[in-house]
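*Asks:* Pasting a structure here, questions to come.
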Amino acid sequence: MLEQYKNRYRTLGLNIAYYRKKCQLTQEQLAEKAGIERSRISKTEIAWVGTSLDMIYRIADALEVEPYKLLMERD
């Protein structure tokens, strides 16, 4: 992951965690719904790894939110 995008990945991770908790899902439950390994969800939430658009779409679908909401800073 490029250092210049670290804050954007941090925003993505925080939003995934926010919407996951809002849906009352564990990381394991979200991972199962999205067809992703739990460790990948964890690493994405803490901005440890970058992620693809495909992964963002799968997570957004599992959380039932529009993908752009995962990328935008919340107030």
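*Asks:* Return the distance in nm (one decimal) between the two label points of a simple spin-label model at Tyr57 and Asp75, each offset 7 Å from Cα along Cα→Cβ.
*Replies:* Distance between the two pseudo-spin positions: 3.1 nm.
*Asks:* Could you point to the residue in Ala60, Tyr9, Ala31 farthest towards the positive end of the chain's charge dipole, with +1 and -1 charges on the Cβ of Lys/Arg and Asp/Glu respectively?
*Replies:* Tyr9
*Asks:* Note down the magnitude of the dipole of the chain about its Cα centre, charges +1 on Lys and Arg C-beta and -1 on Asp and Glu C-beta and zero elsewhere, to the nearest 20 debye.
*Replies:* Using Cβ point charges on Lys, Arg, Asp and Glu, the chain gives about 180 debye.
*Asks:* To continue, here is another question. Sorting Lys69, Lys22 by accessible area (1.4 Å probe), largest first, what list results?
*Replies:* The residues order as Lys22, Lys69, largest area first.
*Asks:* Right, next: Ignoring everything except DSSP H segments at least 4 long, calculate the 222 nm mean residue ellipticity for the chain; use -39,500 (n - 2.57) per segment, divide by total residues, nearest 500.
*Replies:* -19000 deg cm²/dmol
*Asks:* Taking the stretch 45-75, which chymotrypsin sites (Phe, Trp or Tyr not before Pro) meet the DSSP loop condition and have no more than 13 other C-beta atoms within 10 Å?
*Replies:* Here the chymotrypsin sites (Phe, Trp or Tyr not before Pro) that fit, given the DSSP loop and packing criteria, are Trp48.
*Asks:* Of the heavy-atom accessible surface of the stretch 32-74 (probe 1.4 angstrom), what whole percent is carbon and sulfur?
*Replies:* Using a 1.4 Å probe with all protein chains present, the stretch 32-74 comes out at 48 percent carbon and sulfur.
*Asks:* Accessible area per residue of the chain at 1.4 Å probe, in Å²?
*Replies:* Spelled out: the 1.4 Å probe surface of the chain, per residue, equals 70 Å².
*Asks:* Just to be sure I understand the model, the point goes 7 Å from the Cα along the line to the Cβ. What's the resulting Lys43 to Arg10 distance in nm?
*Replies:* Modelled inter-label distance: 2.0 nm.
*Asks:* Turning to a different aspect of this structure: Gain in length, Glu28 to Tyr68, computed as 0.36 nm per residue apart minus the alpha-carbon separation, to one decimal in nm?
*Replies:* Full extension from Glu28 to Tyr68 adds 12.1 nm.
*Asks:* Between Leu53, Leu25, Leu14, find the one with the highest GNM mean-square fluctuation for the chain; connect C-alpha pairs within less than 10 Å.
*Replies:* Comparing Leu53, Leu25, Leu14 in a Gaussian network model of the chain, the most mobile one is Leu53.
*Asks:* When the chain is modelled as a GNM with alpha-carbon springs shorter than 10 Å, which of Ile16, Ile46, Ile59 fluctuates the most?
*Replies:* Per the Cα network of the chain with a 10 Å cutoff, Ile46 tops the list.
*Asks:* Now for a separate question. Can you give the log10 of the normalised intensity I(q)/I(0) at q = 0.14, 0.17, 0.21, 0.28 Å⁻¹, computed with Debye over equal Cα scatterers of the chain?
*Replies:* With no solvent term, the Cα-only Debye profile gives -0.36, -0.53, -0.84, -1.53.
*Asks:* Got the relative contact order for the chain handy, in percent, Cα pairs under 8 Å and 6 or more residues apart?
*Replies:* 41
The values are calculated or read from the model by the stated rules, or taken from the named source; none is laboratory data. Note that this is a predicted model, so its numbers are computed, not measured. No Cβ is skipped: glycine too gets one built from the backbone with ideal geometry, and neighbour counts run over all protein chains shown. With ligands, DNA and RNA removed, areas are computed over all heavy atoms of the protein, side chains included. Shrake-Rupley method; radii C 1.70, N 1.55, O 1.52, S 1.80 Å.
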